[in-house]
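Input: a single structure, listed below in structure tokens.
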Amino acid sequence: MIIRIVKLSLHAEYISDFKTIFEKNKQKIISQKGCNRLEMLQDINDANVIFTYSWWHSEDDLNNYRNSEL
């Protein structure tokens, strides 16, 4: 299993947009072959920092997602 962690530092005016886009696409990402779980977390000390965590069955599954249109 692979856990992919992405750290994003966003300007405050884009955080709401990012959250909307994330929620809109969350189910599409989870539906990708090999994706077991997907979460978004916001830093409690810096609201401009958001992390996404995704759990993948294999590196091949993760790479297939990375190379997809999503």
Expressed to two decimals, the chain has a Cα Rg over Rh, using the Kirkwood radius, of 0.99
At 1.4 Å probe size, with every protein chain present, just tell me what the per residue accessible area of the chain comes to in Å².
-> 72 Å²
Assigned charges on the beta-carbon of Lys, Arg, Asp, Glu; the chain dipole about Cα centre (debye) = 200 debye
Where does each of 22-32, 5-15 land if you order them by average Cβ count within 10 Å, highest first?
-> 22-32, 5-15
Among 8, 31, 51, which residue has its Cα positioned farthest towards the positive end of the charge dipole of the chain, with +1 placed on the Cβ of Lys and Arg, -1 on the Cβ of Asp and Glu, and the dipole taken about the Cα centre?
-> 31
Cα long-axis angle, helix 15-30 against the chain (0 to 90 degrees, to the nearest 10) | 10 degrees
Mean residue ellipticity at 222 nm from the helices of the chain, using -39,500 (n - 2.57) per DSSP H segment of n ≥ 4 over the full residue count, to the nearest 500 deg cm²/dmol?
-> -10500 deg cm²/dmol
Counting only protein heavy atoms and using a 1.4 Å probe, what share of the accessible area of the chain belongs to carbon plus sulfur, as a whole percent?
-> 48 percent
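The values are calculated or read from the model by the stated rules, or taken from the named source; none is laboratory data. Only a predicted model underlies this, so the values are computations on that prediction, with no experimental measurement involved. Positions of Cβ are generated from backbone atoms using ideal geometry, with glycine treated the same way; all protein chains shown enter the neighbour counts. The protein model used for the area step is the full one, side chains on, heavy atoms only, and it has no ligands, DNA or RNA in it. Shrake-Rupley method; radii C 1.70, N 1.55, O 1.52, S 1.80 Å.
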